[in-house]
Amino acid sequence: MEPVERDNSLHVIASIHRDGVGLDLKPVDLCFLVALHTRAGQSNLTCFEEEVLLDVFEQVCDAVDSDGENLRKRATHAIQRLREQRLLSRVDGDGLLRAGDYSMTRLASGIVEFFMADQVLTRESLSLLTKALLVSLAQVKSQAKGAQTPEEWRLNVVGPLRVTVGDLVAGIERRQRGLDAQQEQVRKQIGELLEADWFSAVDRCQHLLDDTTTTLAELNSVLLHDTHQILAVLSDIEQAASQARMTEAEEATQRVSEQVDRVAAWGRTRQLAWSTYYQYVHRYLRDVVRLDPSRALSERLRNQLAGWTKQPFYWVIAQASKIRVLRENAIREQRPPVVRPAQDREVPLEHVPSDAEATTLEELVRAALASGRTTLADVLDVVLPQIDAAKRFAAVGRIAAQVAVEAAARSDRDRPWVQVPGEVEVEDWMLPGGRAHA
Amino acid sequence: MHESAFHQLEEVVQDPLFPEVDLALRAGRHIDRDDGERYAFVLDAQSLLETFYRRYGCELVHASDGFFYLLPVGDQMGRRHLTAGEMLVGQTLALVYLEPTTVQAGGITQQSVVVARLASLVGERELIQALNPRRRKYDERIAQETVRMEIAKALRGLESVGFIDLDEGEQVRLRLGLLRFAEAVRGLSDPAEALSRLIAEGKAVAEAAGDENEGGEEAGA
């Protein structure tokens, strides 16, 4: 929608809401309007004298309303209702001087046309409209080629595209809606015919189906052929507008193209939908109606259903087990239980290389003992100088232990403290001559 | 009679449509004219497929209304029977299919229409009892809710075997296979005799096996 048009529509919407405008028409009011419209057409009237209004109203009441009392009063009320709803307007301006002249408003004419006009798309009307559209577009195309100024483009291209061409396409769309309504009516009619006459209605239903199918096929054929041409001309106009950098004309052309596309799409979808419906009804007529001319099947099925709970039965169907498709092995990850981290409570033995120094020390002690040393201090005096000074303190203990085992050391009650090498003092032991080791 | 496009079973099996048609038939699906090329395929290969499925102890049934289904008559292929809900809803849908008012809507009806028709034809109390077989005492509101749930479940079940299509919303598109529910009342013979014949042919069972509402399995390989 163009911005200007949208602004206008918003303005109209706001004013309708503000003024509380509404329509409340009774069937007799609609009949009255239709009768007035017909009288105007027959008698070439542009407006109606008050007496004519009353006369027409009486005729309408005679035709549709059996209650013929108080006609003048009812006519007065009807005229008043129509005037209040802007369907009739007084046009003479004489006020109280004399009885008025009235005319139907555009709104009233629109309502009457809706009910009266047979605006259903037919092959003839569609061909006429598409041909008129092609002629108009050819003129617009010619004007577009010759247009030099923006003013010429606006007057000779944009204007005709919006008004003439737009109206023609809208006319096709309006008739399409009419045909949609007609199809709906045909569907309803088929249902009603079958409901009323069942088997006797088959031929009439088939006839209705075939008529609509033929109409749709013809329309679609015209649409396919003509919309192609229309779109080609529109494309030329759009190209010319694009070269002339006339955005407004380009947009107007695109809008018409969209409308034409919509018209063509309508033909395709309606034909497809009708085709599905046609097949369904055709099958229904063949398989249901023709095979059950007395409608006994429905009755027997109804009885079967009503008594099913007392005498149930069940249909058997196949249910083969599904083919198993082996899956790849997937290692399922299991969540470990929550536990304290495992601890090795037995400390592993530490591997220690054999101590060569200890062996050497033992041999030195044995040598000292063999050489006849008589006290521990003497042994230490011999051995300790041969040992690294840093290790002497520790060696004293080992030497004492070995001497105690191998030399059967003795000590007096008062054991003397003797200084030995390595700034260490030891309690001295006596070593008798007999040695324990070999 | 048209000439078949297939002369050997191998050609049938090699056809790209065979796997899906075979799986559908084995799953209990009814294939009708609305299935288009799948129906045409079964129709073309009918004689070869009949021999093929007979080896599995099954009969490929071609109903005169224009649909196929597989009927296990031996024990080689698994089978089941429809549930009580599916039977009740299926018969109601078949009835709706036959009505002229459905023609106006092109074979489409509403779930609410089905529920209303079912309740009016069977009776609300009988319907509640049929679909709540284990409950002797029931709360009306809960029972009605259970019935609605069972009907919805039945509709899904009927869709899975090709009796109907469920569209968006609550629309139900009725399919030809529904006419199977009228099989016992076709013709002019006594419906009870016709039913006995169908039971003897293995097309129906009179007693529900196992859980009535779960569609008991009859046999199976």
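The values are calculated or read from the model by the stated rules, or taken from the named source; none is laboratory data. As the structure is a prediction and not an experimental result, all values here were calculated from the model. Here the Cβ positions follow ideal geometry from the backbone for every residue, glycine too, while neighbour counts run over all protein chains shown. Only protein heavy atoms, including side chains, enter the accessible area calculation; ligands, DNA and RNA are left aside. Shrake-Rupley method; radii C 1.70, N 1.55, O 1.52, S 1.80 Å.
Please give the FRET efficiency for B:Arg55 paired with A:Thr269, using the beta carbon to beta carbon distance and R0 = 45 Å, rounded to the nearest 0.05.
Efficiency, rounded to the nearest 0.05: 0.45.
Within region A:354-438, report the GluC sites (Glu not before Pro) that DSSP leaves as loop and that have at most 12 other Cβ atoms within 10 Å.
Here the GluC sites (Glu not before Pro) that fit, given the DSSP loop and packing criteria, are A:Glu423.
When a/c reaches 1.5 or more, the comparison of a/b and b/c decides; with that in mind, is region B:52-155 rounded, prolate or oblate per its Cα gyration tensor?
Note, shape of region B:52-155 comes out oblate.
Quick one: what are the phi-derived ³J(HN,Hα) couplings along region B:148-159, Karplus 6.51/-1.76/1.60 with θ = phi - 60°, whole Hz, x for glycine and proline?
4, 5, 5, 5, 4, 5, 5, 4, 5, x, 5, 5
Based on the Cβ-Cβ distance of A:Gln343 and A:Val424, what FRET efficiency does E = 1/(1 + (r/R0)^6) give at R0 = 30 Å, to the nearest 0.05?
Numbers: r = 42 Å, r/R0 = 1.42.
About 0.10, to the nearest 0.05.
Heavy atoms only, probe 1.4 angstrom, no DNA, RNA or ligands counted: give me B:Met149, B:Met77, A:Met246 ranked by accessible area, highest first.
B:Met149, A:Met246, B:Met77
Report the accessible surface area buried between chains B and A, summing both sides, using a 1.4 Å probe on protein heavy atoms only, in Å² rounded to the nearest 100.
Between B and A, the summed buried area is about 4700 Å².
Whole-Hz ³J(HN,Hα) for each residue in region B:164-179, computed from phi via Karplus 6.51 cos²θ - 1.76 cosθ + 1.60 with θ = phi - 60°, x for glycine and proline: what do you get?
9, 10, 9, 8, 4, x, 10, 6, 10, 8, 7, 10, 4, x, 4, 5
Counting only C-alpha contacts under 8 Å and six or more residues apart, can you give the relative contact order of region B:1-91 as a whole percent?
Relative contact order comes out at 25 percent.
May I ask for the longest run of chain B untouched by trypsin sites (Lys or Arg not before Pro) that are loop-located per DSSP and have at most 16 neighbouring C-beta atoms (other than their own) within 10 Å?
B:138-221
Distance between the C-alpha centers of region A:282-299 and region A:228-278? Whole Å please.
45 Å
Within the accessible area of region A:330-399, what % is carbon and sulfur when the probe is 1.4 Å and the other protein chains stay in place?
For region A:330-399, the apolar C and S fraction of the accessible surface comes to 54 percent.
What is the distance in Å between the Cα centres of region A:14-57 and region B:134-183?
Centre-to-centre distance over Cα atoms comes out at 53 Å.
From largest to smallest, what semi-axes in whole angstrom does chain B give when each is the square root of 5 times an eigenvalue of its alpha carbon gyration tensor?
Details: eigenvalues 207, 84, 53 Å².
The equivalent ellipsoid of chain B has semi-axes of 32, 20, 16 Å.
Lys/Arg Cβ at +1, Asp/Glu Cβ at -1, dipole of region A:334-391 taken about the Cα centre: which of A:Ala370, A:Gln386, A:Thr360 is farthest positive-ward?
A:Thr360
Per the helix-only calculation at 222 nm, which mean residue ellipticity applies to chain B, given -39500 (n - 2.57) for every DSSP H run of n ≥ 4 and division by its residues, nearest 500 deg cm²/dmol?
-14000 deg cm²/dmol
Taking only protein heavy atoms and a 1.4 Å probe, what accessible area per residue, in Å², does the protein assembly as shown have with all protein chains in place?
About 58 Å² of surface per residue is accessible.
How big is the dipole moment of the protein assembly as shown about its Cα centre under a simple scheme where the beta carbon of each Lys and Arg is +1, that of each Asp and Glu is -1, and everything else is neutral? Debye, nearest 20, please.
My answer is approximately 880 debye.
Relative to the isolated chain, which residues of region B:57-98 have their accessible area cut by 40 Å² or more in the presence of all protein chains (1.4 Å probe, heavy atoms, no ligands or nucleic acids)?
The answer is B:Arg80, B:Leu82, B:Met87, B:Gln91, B:Leu95, B:Tyr97, B:Leu98 - residues whose exposure falls by at least 40 Å² when every protein chain is included.
Go ahead and run the numbers for FRET between A:Lys73 and A:Arg18, Cβ-Cβ distance against an R0 of 35 Å, rounding to 0.05.
0.55
For chain A, with the dipole built from +1 on Lys and Arg beta-carbon atoms and -1 on Asp and Glu ones, taken about the Cα centre, which of A:Val169, A:Val396, A:Leu36 lies farthest toward the positive end?
About the Cα centre, the residue reaching furthest to the positive side is A:Leu36.
Counting only residues 5 or more places away or on other chains, whose amide H sits under 5 Å from the amide H of B:Gln110 once H atoms are built in the peptide plane?
Those lying under 5 Å, H to H, from B:Gln110 are B:Val172.
Which entries of A:Lys310/B:Lys203; A:Lys73/A:Lys188; B:Lys153/B:Lys203; A:Lys322/B:Lys203; A:Lys131/A:Lys188 have Cα-Cα distances beyond 31 Å here? Walk me through the intermediate numbers first.
Details: A:Lys310/B:Lys203 20 Å; A:Lys73/A:Lys188 40 Å; B:Lys153/B:Lys203 23 Å; A:Lys322/B:Lys203 22 Å; A:Lys131/A:Lys188 33 Å.
Among A:Lys310/B:Lys203; A:Lys73/A:Lys188; B:Lys153/B:Lys203; A:Lys322/B:Lys203; A:Lys131/A:Lys188, the Cα-Cα distance tops 31 Å for A:Lys73/A:Lys188; A:Lys131/A:Lys188.
Which ³J(HN,Hα) values, rounded to whole Hz and listed in residue order, are derived for region A:381-386 from phi using the Karplus coefficients 6.51, -1.76 and 1.60 in 6.51 cos²θ - 1.76 cosθ + 1.60 with θ = phi - 60°, glycine and proline given as x?
With the stated coefficients, region A:381-386 comes to 4, 7, 7, 4, x, 8 Hz.
Out of region A:249-300, which trypsin sites (Lys or Arg not before Pro) are coil in DSSP terms and have no more than 13 other C-beta atoms within 10 Å?
A:Arg290
With a cut-off of at most 16 other beta carbons within 10 Å, and DSSP calling the residue loop, which GluC sites (Glu not before Pro) in region A:17-90 qualify? Please list them.
A:Glu69
How far is it, in nm, from the label point at A:Leu231 to the one at A:Ser109 when both lie 7 Å from their Cα along the line to the Cβ?
In this crude spin-label approximation the distance works out to 3.6 nm.
Please list B:Tyr97, A:Tyr278 from largest to smallest accessible area, probe radius 1.4 Å, with all protein chains kept in place.
Accessible-area ranking of B:Tyr97, A:Tyr278, largest first: A:Tyr278, B:Tyr97.
Let me know the mean shielding of B:100-111 by other chains, meaning the per-residue number of their Cβ atoms within 10 Å of its Cβ.
Mean partner-chain Cβ count within 10 Å for B:100-111: 6.
In terms of the Cα gyration tensor, with a ≥ b ≥ c the square roots of its eigenvalues, is region A:199-329 rounded because a/c is under 1.5, prolate because a/b exceeds b/c, or oblate?
oblate
Where in chain B lies the longest segment free of GluC sites (Glu not before Pro) that are both loop residues by DSSP (not H, G, I, E, B) and have at most 16 other Cβ atoms within 10 Å? Present the calculation step by step, with values, prior to reporting the outcome.
Working: sites that count: B:Glu3, B:Glu168, B:Glu170, B:Glu201, B:Glu207.
Excluding the exposed sites themselves, the longest stretch runs over B:4-167.
Roughly how many Å is it from the Cα centre of region A:131-171 to that of region B:77-115, as a whole number?
Here the answer is 56 Å between Cα centres.
Averaged over peptide B:181-188, how many Cβ atoms belonging to another chain are found within 10 Å of each residue's Cβ?
Rounded to a whole number, the mean comes out at 5.
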